[in-house]
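Here's the structure, in structure tokens; my notes come after.
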Amino acid sequence: MTSNSGKSLKIVQLYPRDMNIYGDWGNTLSLSRRAKAHGFDVEIVDYNPEDSFPTDADIIVGGGGQDSGQSVIGDDLQSIAATLREMAEKGTPMLVICGLYQLFGNEFRTIGGQVLPGIGIFDAVTVGGEERLIGNIVEESSEFGTIIGYENHSGLTTLSGTTEPLAKVTKGEGNNKDDEFEGARVHNVVGTYLHGSLLPKNPAISDFLIQKAAENKYGEFTPATINDELVEKARASASQRPR
Ligand code: GLN
């Protein structure tokens, strides 16, 4: 029993049908397991185009996708944009990876010349490049410490205004080839190019999302003591992999 027993969190996964590659589903699974380890009951709800949007979401997670997947969900994303912006401003924690990270910005101009409007939660513009930026990535964040993951994208993202980067890259590429930054942060929203096993290897980000969700819903969060021995092993091994 922890002091979070009897409390529940609803995780909404955005567009798992079209935006869910390189193991992004693993993030939702890992987040759910972490929340359970902290004592919460967890409900995972899938949101796909034309579903009715669960505005009682406590945490929102969205994955990556090909340019084609991004264009499939584009209109539907615009239909829930105002709701998502309002939730973000009220402090709902959100994690968006790669393709949805790009669409949480102002716009994505694909290499094929298509302009996909974003929803403007991040002040960011992404432009499709010729080259794919692929490989293991390590970066330093003042909030989350060392973040370890894997990137695979051709879009190059430039931040502006009050949107801060998530982290400074120490191995890999990140948002673009010109600056050393990766990802974006506003309110309690985290955007990143790091796929798949992001949350299993970076529980500090899971704990942030869970803490913000619990504080929003219950006014408090009491973390449980979780044995992270295997996480530490995975982090040590992943951070030493070549690019
Ligand atoms: N289509 C985007 C790009 O290549 C997003 C890719 C992804 O989500 N991995 O830049």
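The values are calculated or read from the model by the stated rules, or taken from the named source; none is laboratory data. The structure displayed is predicted, hence computed values, not measured ones. Ideal geometry is used to build each Cβ from the backbone, glycine not excepted, and the neighbour counts take in all protein chains shown.
Things to note:
- Q78 being outside any loop (DSSP other than H, G, I, E, B), out of contact with any Cys (no Cβ under 8 Å at 6 or more places or on another chain) and at pLDDT below 95: no
- Pairing residues of segment 103-114 that are over 23 Å from T163 (Cβ atoms) and modelled with pLDDT under 95 with residues that are away from the ligand (no atom under 11 Å from the Cβ) and outside any loop (DSSP other than H, G, I, E, B), at Cβ distances under 8 Å and at least 6 apart in sequence or on separate chains, gives I111/E130.
- Selection status of Y22, in a loop (DSSP other than H, G, I, E, B), touching a residue at least 40 places away in the same chain (Cβ under 8 Å) and within 18 Å of S154 (Cβ to Cβ): yes
- Within segment 84-139, the set of residues being acidic (D, E) and within 14 Å of the ligand (Cβ to nearest atom) comprises E107, E130, E131.
- Answer residue from segment 19-61, given it is small (G, A, S) and at positive phi and is modelled with the highest pLDDT among those: G39
- Helices (runs of 4 or more DSSP H) completely within segment 155-243 that count 2 or more residues being under 24 Å from Q66 (Cα atoms): 198-201
- Subset tally (residues that are in contact (Cβ under 8 Å) with a residue 12 or more places away in the chain and away from the ligand (no atom under 12 Å from the Cβ)) for segment 41-71: 19
- Leading residue by the ranking (surrounded by the fewest Cβ atoms within 10 Å (Cβ to Cβ)) among those in segment 86-114 that are in a loop (DSSP other than H, G, I, E, B) and β-branched (V, I, T): I111
- Filter pass, A167 being touching a residue at least 24 places away in the same chain (Cβ under 8 Å), closer than 27 Å to R85 by Cα and out of contact with any Lys or Arg (no Cβ under 8 Å at 6 or more places or on another chain): yes
- Residue match in segment 138-151 (condition: surrounded by fewer than 24 Cβ atoms within 10 Å (Cβ to Cβ), within 21 Å of F108 (Cβ to Cβ) and more than 16 Å from the chain's Cα centre (by Cα)): no
- Criterion (of a type outside the set (K, R) and in contact with a Lys or Arg (Cβ under 7 Å, 6 or more places away or on another chain)) met by exactly one of D76, D56, D67, D46: D56
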